[in-house]
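K.L.:
My questions will all concern the structure given below.
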Amino acid sequence: MMRRDGFTLIELVLGVVILSVIAPAFIMGIGTMVIQSNRAEKMTVATDLARYYMELALSKRFDEKIPTAAEIPIDPTTYWSPIGTDGETGVDQFDDVDDFHNYSSSITGFPGYSVTMTVQYFSVTEPNGLWQATDCTGTCTPPTNAKRVRVQITHALIAPVTLDCVTGALY
């Protein structure tokens, strides 16, 4: 009986053919997983950044004409002011929610990410027992006790992440 060590030429050729069919599919699968993982990471970072900017805006007063929470008036016409900055030139100087209106910037420390924010007076009505929300362009007549804050984070490799929140002087 002959002892056989190693592989025959046919076995080697068959092994190479099988590997050449399986290897590209395996490599493409790994590549797809890496791309999806990268996108998921970027989406997570964008969501965290959106939450950060929303919390930053909501940590400010509803309006600079309201001195303290204890002095919030019932009638919004007594403290209403136009949406936008009142001479503040940067986020560190913003003193109320609406100063963030039309704020747009790239985000330091996060290459490729940028933030855009808008703030609008917001009206909620209840016609026929159904709640309806209406964005007021510029101002509402009369002014309302609510403002909608929208934060949008963008990056070239993912869809924009947008957060909306309604805050108010009496809420």
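K.L.:
Could you go through region 63-73 and let me know if any residue there is in contact with an Asp or Glu (Cβ under 7 Å, 6 or more places away or on another chain) and modelled with pLDDT under 90.
P.N.:
Yes, region 63-73 has at least one match.
K.L.:
When the residues of region 43-62 are narrowed to those that are basic (Lys, Arg) and either surrounded by fewer than 13 Cβ atoms within 10 Å (Cβ to Cβ) or within 21 Å of the chain's Cα centre (by Cα) (or both), which ends up modelled with the lowest pLDDT?
P.N.:
Within region 43-62, the match that is modelled with the lowest pLDDT is Lys60.
K.L.:
Looking only at region 36-68, which residues are of a type in the set (D, E, K, R) and in a helix (DSSP H, G or I)?
P.N.:
Arg39, Glu41, Lys42, Asp48, Arg51, Glu55
K.L.:
Let me ask something additional. Looking only at region 89-140, which residues are among the polar types (S, T, N, Q), touching a Ser or Thr at 6+ places or on another chain (Cβ under 8 Å) and either surrounded by 12 or more Cβ atoms within 10 Å (Cβ to Cβ) or at pLDDT 85 or above (or both)?
P.N.:
Hits for region 89-140 are Asn102, Ser104, Ser105, Ser106, Ser114, Thr116, Gln120, Ser123, Thr134.
The values are calculated or read from the model by the stated rules, or taken from the named source; none is laboratory data. No experiment lies behind these values; they were computed from the predicted model shown. Cβ coordinates were reconstructed from backbone atoms using ideal geometry, including for glycine residues, and neighbour counts include every protein chain displayed.
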